[in-house]
Amino acid sequence: MKYNFKKIEPKWQLKWEEDKLFQAKDKSDKPKFYGLVEFPYPSGAGMHVGHIKAYSSIEVVARKRRMEGYNVLFPIGFDAFGLPAENYAIKTGVHPRVVTDQNIKHFSDQMRQVGFSFDWDRVIDTTEVDYYKWTQWIFLKMFEKGLAYRDKTLVNYCPSCKVVLSNEDSQGGKCDVCHSDVVQKSKDVWYLRITEYADKLLEGLETVDYPENIKQQQVNWIGKSKGAFVDFTLDGIDEKLKIYTTRPDTLFGVTFMVIAPEHPLIEKYADKLKNLDAINAYKAECAKKTEFERTQLVKDKTGVKLEGIEAVNPVNGKKIPIFIADYVMMGYGTGAIMAVPAHDQRDYDFAKAFGVDIIEVIKGGDISQEAYTGDGEMVNSDFLNGYDNKKDSIQRMIEELEKKGIGTGGVQYKMKDWAFNRQRYWGEPIPIVHCETCGNVAVPFEELPLRLPELENFEPGTDGESPLARIESFVNCKCPKCGRDAKRETDTMPQWAGSSWYFLRYIDPHNDDELCAKEKLNYWMPVDWYNGGMEHVTRHMIYSRFWHRFLYDIGVVNTPEPYKKRSAQGLILGPDGDKMSKSKGNVVDPLDIVEEYGADTLRTYVLFMGDYGAATPWNDNSVKGCKRFLDRVATMSEMIKNEPISAELESKLHKTIKKVSSDIEEMKFNTAIAALMTLVNDIYAEGAIDKDNYITFLKLLSPFAPHITEELYESLGGEGYLSVAEWPKFDEAKTVDATKEIGVQVNGKVRGTIVIPADGEKDEVLSIAKADEKIASFLDGKTLVKEIYVPGKILNFVVK
RNA sequence: GCAGGAGUGGCGGAAUGGCAGACGCAUCAGACUCAAAAUCUGACGAGGGCGACCUCGUGUGGGUUCAAGUCCCAUCUCCUGCACCA
C-alpha cells in the first residue's frame, strides 16, 4: 500500500512541535540522556545528505531513549560565524546578518521536513549577541588566567583570504578555506595556551568512551615525546645552543649540529660568520619555499655550513660543525638539533650529502648502508658502553646531564598554541583594549557583550587588517584601567570559538546572567553521546575539550570531560563512488529525496545503506527498496486479524525486539533495519498479525520512520503518540527455540543438517546425527576418531 | 615514513572461531493484467552432474585448530589522519 507521505509527514511534524513532544525538561525524576550532534554551518546550499546521516544516528538513539523513559535533551543550533557569509557579503553587499538569518531559516525548515526530534525551544546561533557575549566571557576568563596572550611571531598567513591561520587550518601548507599556498609572515597574534593543557587532554582520553582510532588521532595530534634538552657550547663564544632530542643516549655519536634557517643565532653572531652571504642566500631560498615544498623533498638534503662558528659536544669536548638546513623547523623543539647520522636517517642523508663523519654508537645495523634506528648495545660511548636497551641508556644519560648541569630531561609536543584571531568582520570581537600605558587591557565583564559594529564595506584591510580597523567609533575608546585614550583590538575570533562550548549553552540557552545555570549543568552534563565527522576529531574536539577542561578548572562546569561517548559517521559518496562535490555533479540533495519518497524513506535509507562508520556510495535503487519496505509495513495493517499469532512468529518478534534494541546501542543500524525487514517478510509469509504485536512492530520501527508509524498507530486507534510510547520489551524465554537446526560436519566439511532439541545432550545429538541417512553414508566404513559437539552450534565427526 | 581502518557474489553489505553470502538492490522466471507499471511468489557465488548431490570459493602465501572470512606470521592493494616532530 503506497501511503501518502506528502500529507502525513507535515501533519505529524506540526503536531509534535505544537505539543512540544520533544522538549527536554530541566527538572525530572527520569534518568537523563543528553544526545548531541555537531551543529551545522548554515551554508547557502542547504542541507547535505551527510548532515542527514550525521543526525540520524543520535536521532534514533534519542527517540529510543524517550520511549525507554528517559528525559532527553537532543538540541540543535547553528555555528554561523565564518568566511562564506562574509565573502558573500563582499561580493553582493548583503550584510552577513541577513544572509545568516535566511540560511538558518532554510536549514531549520529542512530539518523539520526530515522530522528530526530536536528541541526547537533551545536553538542557538553563535552569531547572536546573547550567545557570543559568553564566548567573549570565556575568552576574558582565559586572559585573566594568562591563557590568552599576544605575541609577535611568524604565522601562517593566507594571502588570498588575507587571514592568519592556525596550524590546524593550514595543513599541508594550504589554506583550509581557499586552498591557496600559505606563506609565513611576522604578525601580532593572539594565542590560547592550549599546550599548557596538553597533558590534561591526554589524560582525559583515558576516561572517555571514544573509538580507538579517534583517541589515537588525538594522541598523535598532541604529539607528546619524551627526551632531553642539552646545552651545547659554542667554541670561543659565551653562548649556549640548546637542542631537544629524544635520544640523548646517542650524544657520543653527534658529529654536527643543524639549526633552522630562521634561528636567531645567525643574526646574533652575523659578524663572526665568514660566509654570511651564502647563509643569507640560503635563508632567502627557504623563505620562498612554502611549508608544503619544504616537507616534500624528503631525501635531498640541502644546507649551508656556518664558517666561523663551531659547537662543542658537552660530553666529550669535541668540536663539531654547525649547519643551517631547512629540514630543521623553528617551530618544533628549540629549532636546533644535534645530528647523529649513524642513528637518524635524516641526519644520515645530510651527512652523506655534506661529507660529515658517521660514528656508530648503537650496535645492530650496517651504518655503511643506512642509519640504524633500532635498539642495541651501546658502543663508543664512554660510560654508556655496554648498555643494551635505550630505556636504561637514556635514563643514565639524563642523570649524567643533570648532574653536570648541561641538560635536563624534558617533553615536547607537536601541538602548538592556538592562534586565536582572524582579520575578519564576521566573528566575535576580541574584548581587549590596547592602551599605551597599561598594555593589553580586558574589557570589563559587565561591559560585555562587545557588539560587532555595523559595517557596509566588508573588504578586508590591506596587509591583512580587519575591516573593523576602519571604524573609528569602534576603534577609539578609553582604557578601562587608566581612562586615557586607547584603541580596541580589531581582530575577531576564529570560527572554532563559538563551537568550543555550544553544548553548554543548550542546557540553558536563554540565561542572561550566566553562561549556564550551575544546577542545570550538574543535571545534564556530561554529553552522553556525541556524534560527528572524523574531520572534527583533531580540531573542534580538541579545542572544545580544552575549553571545557579550563571551565572545569575555574569551577564553571562539573565534569573534566565534556563528552562521555563519541562516534563518527562515514561519508556518503556519490553514486559513482567518488566524494560528492559540485564540480563532479554527483551531489544528492536530501530534500529531493524527501520530495520523491518522503522523509521516512530518506532516514531509513541513510542508516540502512551500510556500516554506519564506513564510506558508502549512494544508490537510488536502494532508496526505492527502503520505500518499498515502508509500503509493505503500511500494507501489513490490512493483515490484522483478531486471533493469536503462531508461537513461531511470536518467537521471531521477540528475537527482533532483542536485536533491534541492542543493534541501535551498537550503532548497527543497518542490521537493525534488516531485522525489521526480515520480520515483515515473516509476517507476510504467515499472512496475518494481531493488532498488539503489529503495534509492537511499529514501535521498533518508529525511531527510524516516525511519521508512517505514528500515522498507522493513530489509524488503529492508538492513544497518545507512538513516538513517546513505551519501548517494547522482549521475553528471553521466547527468544529461545525448543528445537534447533545445526550443521553436521565430517572432518570439518558440512555434510548435512539435523534438527535437535535445543537442550539436547551430546549422546542424544550423536544418535540423531548417526541415524541421518546422509551423514551415516559419510561415516560408513570409516574409523571414528573423535566426536565434537558444541551445544546448539555444530557437530563434527573426525574419521579416518 | 608513522598511526588507524578496510579488502567477502553483478552492486551496497551480513556473519560471539562453528551450515559464508542475512537484509536490500540489480537480474531472471511465474502469478495478476488486454498490456505495461505497481504488487505478490520464486530463483539468483563459480564449475560439474538428468538427479539426490559433488568440487572450488571471503586480496595473496604460509601457519594454529576437529573447525578460520574471523586467530597468528608474512605479503600486496586501497581508504583516512599525521608527517624532515629531532
> Going through segment A:144-165 one residue at a time, which ones are hydroxyl-bearing (Ser, Thr, Tyr) and surrounded by fewer than 20 Cβ atoms within 10 Å (Cβ to Cβ)?
Replying inline: A:Tyr149, A:Thr153, A:Ser160
> Residue check, A:Thr709 against (1) in contact with a Lys or Arg (Cβ under 9 Å, 6 or more places away or on another chain); (2) within 16 Å of A:Ser661 (Cα to Cα); (3) in a helix (DSSP H, G or I), all met but one. Which one?
Replying inline: (2)
> What number goes with the only condition from (1) closer than 27 Å to A:Phe629 by Cα; (2) more than 10 Å from RNA strand B (Cβ to nearest atom); (3) in contact (Cβ under 8 Å) with a residue 60 or more places away in the chain; (4) not hydroxyl-bearing (Ser, Thr, Tyr) that A:Glu561 does not pass?
Replying inline: (1)
>> With the requirement that a residue be open to solvent by 10 Å² or more (accessible area, probe 1.4 Å), farther than 15 Å from A:Lys53 by Cβ and assigned to a helix (DSSP H, G or I), what does segment A:519-535 give you?
In response: A:Glu519, A:Lys520, A:Asn522, A:Tyr523
>> Please determine whether any residue of segment A:434-456 is in contact (Cβ under 8 Å) with a residue 60 or more places away in the chain, in contact with a helix residue (DSSP H, G or I) (Cβ under 8 Å, 6 or more places away or on another chain) and small (Gly, Ala, Ser).
In response: yes
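Is one or more of the residues making up segment A:100-115 touching a Lys or Arg at 6+ places or on another chain (Cβ under 8 Å), part of a helix (DSSP H, G or I) and open to solvent by less than 50 Å² (accessible area, probe 1.4 Å)?
Of segment A:100-115, the ones touching a Lys or Arg at 6+ places or on another chain (Cβ under 8 Å) are A:114-115.
Filter once more, keeping what is part of a helix (DSSP H, G or I): A:114.
With the extra rule that they be open to solvent by less than 50 Å² (accessible area, probe 1.4 Å), the set shrinks to A:114.
The answer is yes, given that some residue of segment A:100-115 is touching a Lys or Arg at 6+ places or on another chain (Cβ under 8 Å), part of a helix (DSSP H, G or I) and open to solvent by less than 50 Å² (accessible area, probe 1.4 Å).
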>> With the requirement that a residue be touching a helix residue (DSSP H, G or I) at 6+ places or on another chain (Cβ under 7 Å), aromatic (Phe, Trp, Tyr) and within 27 Å of A:Gly223 (Cα to Cα), what does segment A:375-425 give you?
In response: A:Tyr413, A:Trp418
> How many residues are closer than 16 Å to A:Val114 by Cβ and surrounded by fewer than 21 Cβ atoms within 10 Å (Cβ to Cβ) if we restrict to segment A:52-75?
Replying inline: 0
>> I'd like the full set of residues that are open to solvent by less than 50 Å² (accessible area, probe 1.4 Å), under 24 Å from A:Pro321 (Cβ atoms) and either free of Cβ contacts under 8 Å to residues at least 40 places away in the same chain or basic (Lys, Arg) (or both), limited to segment A:373-385.
In response: A:Val379
> Can you tell me which residues in segment A:455-488 are open to solvent by less than 60 Å² (accessible area, probe 1.4 Å), part of a loop (DSSP other than H, G, I, E, B) and closer than 15 Å to A:Ile432 by Cα?
Replying inline: A:Ser466, A:Cys479, A:Pro480, A:Cys482, A:Gly483
>> Can you go through A:Thr635, A:Thr616, A:Thr678 and tell me which one is polar (S, T, N, Q), within 33 Å of the chain's Cα centre (by Cα), near RNA strand B (Cβ under 9 Å from one of its atoms) and open to solvent by 10 Å² or more (accessible area, probe 1.4 Å)?
In response: A:Thr616
> Restricting segment A:228-263 to residues that are surrounded by fewer than 19 Cβ atoms within 10 Å (Cβ to Cβ) and farther than 20 Å from A:Asn316 by Cβ, which is nearest to RNA strand B (Cβ to nearest atom)?
Replying inline: A:Thr246
> A:Asp109 fails exactly one of the following numbered conditions: (1) in contact (Cβ under 8 Å) with a residue 24 or more places away in the chain; (2) farther than 19 Å from A:Tyr502 by Cβ; (3) not polar (S, T, N, Q). What is the number of that condition?
Replying inline: (1)
>> Based on this model, can you work out whether A:Thr601 counts as closer than 24 Å to A:Tyr684 by Cα and surrounded by fewer than 20 Cβ atoms within 10 Å (Cβ to Cβ)?
In response: no
> When segment A:297-333 is examined, which residues are found to be open to solvent by less than 10 Å² (accessible area, probe 1.4 Å), farther than 21 Å from A:Ala270 by Cα and within 14 Å of RNA strand B (Cβ to nearest atom)?
Replying inline: none
> If you scan segment A:494-510, which residues turn out to be at pLDDT 95 or above and either open to solvent by 10 Å² or more (accessible area, probe 1.4 Å) or on the phi > 0 side of the Ramachandran plot (or both)?
Replying inline: A:Asp508, A:Pro509, A:His510
> Quick one: how many residues across segment A:769-800 are more than 12 Å from RNA strand B (Cβ to nearest atom) and closer than 12 Å to A:Gly743 by Cα?
Replying inline: 1
> Taking only pairs six or more apart or across chains, which ones have beta-carbon atoms under 6 Å, a first residue in segment A:596-612 that is under 15 Å from A:Tyr55 (Cβ atoms), and a second residue that is open to solvent by less than 10 Å² (accessible area, probe 1.4 Å) and within 11 Å of RNA strand B (Cβ to nearest atom)?
Replying inline: A:Asp600/A:Leu630; A:Thr604/A:Cys626; A:Tyr605/A:Val623; A:Tyr605/A:Cys626; A:Leu607/A:Phe669; A:Tyr612/A:Phe669
>> Just to be sure I understand the filter: pairs with C-beta atoms under 8 Å, separated by 6 or more residues or on different chains, first member in segment A:679-692 and under 15 Å from A:Phe629 (Cα atoms), second member near RNA strand B (Cβ under 7 Å from one of its atoms) and at pLDDT 95 or above. Which pairs pass?
In response: A:Val680/A:Phe629; A:Val680/A:Arg632; A:Tyr684/A:Arg632
> Looking at segment A:729-743, is at least one residue more than 16 Å from RNA strand B (Cβ to nearest atom), in contact with a Lys or Arg (Cβ under 6 Å, 6 or more places away or on another chain) and closer than 29 Å to A:Glu665 by Cβ?
Replying inline: yes
> Looking at A:Asp513, A:Asp491, which is the one that is in contact with a Ser or Thr (Cβ under 9 Å, 6 or more places away or on another chain) and open to solvent by 10 Å² or more (accessible area, probe 1.4 Å)?
Replying inline: A:Asp491
> Of the conditions (1) under 30 Å from A:Ser662 (Cα atoms); (2) at pLDDT 85 or above; (3) of a type outside the set (Phe, Trp, Tyr), A:Val746 fails just one. Which one is it?
Replying inline: (1)
>> Can you confirm whether A:Lys699 is open to solvent by 30 Å² or more (accessible area, probe 1.4 Å) and within 16 Å of RNA strand B (Cβ to nearest atom)?
In response: no
>> I'm trying to understand the selection: among the residues of segment A:562-587, which are part of a loop (DSSP other than H, G, I, E, B), of a type outside the set (S, T, N, Q) and open to solvent by 20 Å² or more (accessible area, probe 1.4 Å)?
In response: A:Lys564, A:Leu571, A:Pro575, A:Asp576, A:Gly577, A:Asp578, A:Met580, A:Lys582, A:Lys584, A:Gly585, A:Val587
>> Anything in segment A:305-333 that is assigned to a loop (DSSP other than H, G, I, E, B) and β-branched (Val, Ile, Thr)? List them, or say none.
In response: A:Val315, A:Val328
> Looking at segment A:334-363, which of its residues are without any contact (Cβ under 8 Å) to a residue 24 or more places away in the chain, part of a loop (DSSP other than H, G, I, E, B) and surrounded by 14 or more Cβ atoms within 10 Å (Cβ to Cβ)?
Replying inline: A:Lys363
> Going by the conditions given, is A:Ile708 farther than 30 Å from A:Ile775 by Cβ, within 11 Å of RNA strand B (Cβ to nearest atom) and in contact (Cβ under 8 Å) with a residue 60 or more places away in the chain?
Replying inline: no
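The values are calculated or read from the model by the stated rules, or taken from the named source; none is laboratory data. Fair warning: this is a prediction, and the values are worked out from it, not measured in the lab. Glycine gets a Cβ as well: all are built from the backbone with ideal geometry, and neighbour counts include every protein chain shown. We work out accessible area using only protein heavy atoms, side chains counted, and drop any ligands, DNA or RNA first. Shrake-Rupley method; radii C 1.70, N 1.55, O 1.52, S 1.80 Å.
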